[in-house]
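In what follows, a structure is listed as structure tokens, so that the remarks can point back to it.
The values are calculated or read from the model by the stated rules, or taken from the named source; none is laboratory data. The shown structure was predicted, so the numbers you read here are calculated from the model rather than taken from an experiment. Counting neighbours? That spans all protein chains shown, and the Cβs are built from the backbone with ideal geometry, glycine included. Ligands, DNA and RNA are stripped out before the accessible areas are found, and what is left, the full protein with its side chains, is counted by its heavy atoms. Shrake-Rupley method; radii C 1.70, N 1.55, O 1.52, S 1.80 Å.
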Amino acid sequence: MEHLERCAWVLRGTLVRSAVRRYLPWALAASMLAGSLLKELSPLPESYLSNKRNVLNVYFVKVAWGWTFCLLLPFIALTNYHLTGKAGLVLRRLSTLLVGTAIWYVCTAIFSNIEHYTGSCYQSPTLEGARKEHQSKQQCHGEGGFWHGFDISGHSFLLTFCALMIVEEMAVLHEVKTDRSHCLHAAITTLVVALGFLTFIWVWMFLCTAIYFHNLSQKVFGTLFGLLGWYGTYGCWYLKSFSPGLPPQSSSLNLKQDTYKK
């Protein structure tokens, strides 16, 4: 438990800072552009991480929203109830996960439709031999073809959105004080470590996506959707009274408004 607490202390000191929430969006956008330029101008040699079947991609990134949802749900519930003692407020704050789920679902549906309406089926990855009889990506793949359309990077979108959402919710740790002998302390400490490592995985795999996958425009649109999903909620809507609200903090609304004005 001592090692877990040390790890949680380091992660809290790193991810809970207001500077992280302020500059992480810009850092993600800059790293996406830098990685994309590297991919276009001086591609890195193939590696384990450039293989879509790598462990992090298969067991984490492809179910990124599931991981984020499952860890944020108990974290928000425990920390918010500990600070407020109000079940109604906790339920209201947990609705942020429903909002996030809706954003994930709508955006991925939009990406899928864009790829469908801009795509065609080909006989080979080199886009030779168009098969006009196939009207969908599923039909194309079912017949051994290759579908080529404007494939907005779902990884860039989801990893951006998930990482930013986690650091926003972890801001509540500024106010959380627990007795080390209490079971609540162990639960929150464990969740802090899990969410911290999850955030680093999301950022790392975001960089790998920028360096190895998709073209620049596809990653720009994907990252833009992620940033808009985050800013539209935590930067705009959640500042309003009729919303799930921000994590409970002392003068949270004023601090948040000041942060986004700068």
(request) Mind counting the residues in the stretch 217-262 that are modelled with pLDDT under 95 and open to solvent by 60 Å² or more (accessible area, probe 1.4 Å)? (result) 12
(message) Can you find a residue that is within 26 Å of the chain's Cα centre (by Cα) and without any contact (Cβ under 8 Å) to a residue 60 or more places away in the chain anywhere in the stretch 149-170?
(response) yes
(message) Out of the residues in the stretch 152-199 meeting the condition of being part of a loop (DSSP other than H, G, I, E, B) and among the aliphatic types (A, V, I, L, M), tell me which one is surrounded by the fewest Cβ atoms within 10 Å (Cβ to Cβ).
(response) 176
(message) Just checking, does the stretch 91-100 include any residue being open to solvent by 70 Å² or more (accessible area, probe 1.4 Å) and closer than 25 Å to residue 203 by Cα?
(response) yes
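Working only within the stretch 1-18, note down all residues that are open to solvent by 50 Å² or more (accessible area, probe 1.4 Å) and of a type in the set (A, V, I, L, M, F, W, C). Show your work before the answer.
Initial filter on the stretch 1-18 (open to solvent by 50 Å² or more (accessible area, probe 1.4 Å)): 1-4, 6, 9-10, 12, 14, 17-18.
Within the stretch 1-18, 1, 4, 9, 10 meet the criteria.
For the stretch 37-52, name all the residues that are open to solvent by less than 70 Å² (accessible area, probe 1.4 Å) and within 19 Å of the chain's Cα centre (by Cα).
We begin by selecting, within the stretch 37-52, every residue open to solvent by less than 70 Å² (accessible area, probe 1.4 Å); these are 38-39, 42, 47, 49-50.
49 - this is the single residue of the stretch 37-52 that is open to solvent by less than 70 Å² (accessible area, probe 1.4 Å) and within 19 Å of the chain's Cα centre (by Cα).
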